[in-house]
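Presented below is the structure to which this report refers.
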Amino acid sequence: MSNWTADDGTTIHYEVYGSDLQKDVLLLLPGLMGSINRQWVNFVPALTDNFRLVLMDLRGHGRSSNNAPLLETGRMVQDIVGLLDELQATAVHVAGYNLGGYLGLQMLLTAPRRVHTLLMHASKFYWTADAAAKLRAQLDPDDLAAKVPTYADQLVQDHGGRQWRILVRQAADLISSLVDNGLKESMIKRIQTPVLVSVGDRDELIPLNEAQRLSRMLPNGRLLVLPGVRHPYQTIPAVPLIPMMQEFHRTGRR
């Protein structure tokens, strides 16, 4: 377990698995309100055979702090690139769940040479005002504590007794900002990097037609549909996703 400090004093917590510098680096990014303590860690044993792994808590999440008043995707991408510079990882494979996949796509636009391949699982790209408002309505810390106490307790464990409430409010603001200031189709049409868009066929947040549309907008996009899988991370099956990741990241390198 290690920490890296961003230029605004924010501490980014990360973990590295594997010491073989000859292996390609695979960066595993958790989702919004997720942490590496709970997401991707179960994939680590199988993936270390082929990759040197880097996992990081996004700013304001898990064991990472956030000295900025808001959560902003651009600032998060700067954190990712800054950490990779610290680790002297010039180019990596990226796998992101939820917001992690979205950040990977944004990273492709700002630092395309840093990414060999990108897996986006359960990552919502098309944010309408209605979709954002619906999700934002669910992101009130007082309501979560009263109506979904088990989930609230999980957030406390992952992010801290005080920080989780701040994080939930910042997450709601971030989602609203993506409606007008998020990525657009016109921005991604020239991305040549291999991108695997993965989604469960029962995902409550991302309709299959949205995932299919995104995969077709990307010049080198591919689509993976996982049967019986919903949006929450814990529903993601190790098989077939891990074998697909191993094959995609090993053979998709430019």
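All of the numbers you see were taken from the coordinates with simple rules; none came from a lab. Computed from a predicted model, the values in this text were never measured in an experiment. Glycine also receives a Cβ, built like all others from the backbone with ideal geometry; neighbour counts cover every protein chain displayed.
Numbers for the structure displayed
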item: Charge dipole (the stretch 164-210, unit charges on Cβ, about Cα centre) - positive-most of SER177, LEU196, LEU208; result: SER177
item: Fraction of antiparallel bridges per DSSP, the stretch 10-134 only, in percent to nearest 5; result: 25 percent
item: Percentage, to the nearest whole number, of Cα pairs in the stretch 194-254 over 19 Å apart; result: 32 percent
item: Per-pair calculated FRET efficiency, R0 = 35 Å: GLN212 and ASP130 via Cβ, rounded to 0.05; result: 0.95
item: Antiparallel bridges, percent of DSSP beta bridges restricted to the chain (to nearest 5); result: 25 percent
item: MRE, 222 nm, helices only [DSSP H, n ≥ 4, -39500 (n - 2.57), over the chain, to nearest 500]; result: -12000 deg cm²/dmol
item: Ranking of THR251, THR117 by count of other Cβ atoms within 10 Å, fewest first; result: THR251, THR117
item: Approximate shape of the stretch 103-220 as ellipsoid semi-axes (Cα gyration tensor, √5λ), whole Å, largest first; result: 30, 16, 14
item: Gaussian network model of the chain, Cα within-10 Å springs - most flexible of ALA68, ALA95, ALA211; result: ALA68
item: Translational D in µm²/s for the chain (Stokes-Einstein at 20 °C, 1.002 mPa s, Kirkwood Rh from C-alpha pairs); result: 117 µm²/s
item: Where Cα atoms sit under 22 Å apart: lysine pairs in the chain separated by 8 or more or lying on different chains; result: 5
item: Loop trypsin sites (Lys or Arg not before Pro), the stretch 82-190 (other Cβ atoms within 10 Å of the site Cβ: 14 or fewer; DSSP); result: ARG162, LYS184, LYS189, ARG190
item: Exposure proxy order (Cβ contacts within 10 Å, fewest to most) of LEU28, LEU224; result: LEU224, LEU28
item: Spread of Cα-to-Cα distances over 5 Å intervals beginning at zero, given as percent, for the stretch 105-156; result: 4, 15, 15, 12, 16, 15, 12, 8, 3, 0
item: Ascending count of other beta-carbon atoms within 10 Å, so fewest first, for MET33, MET245; result: MET33, MET245
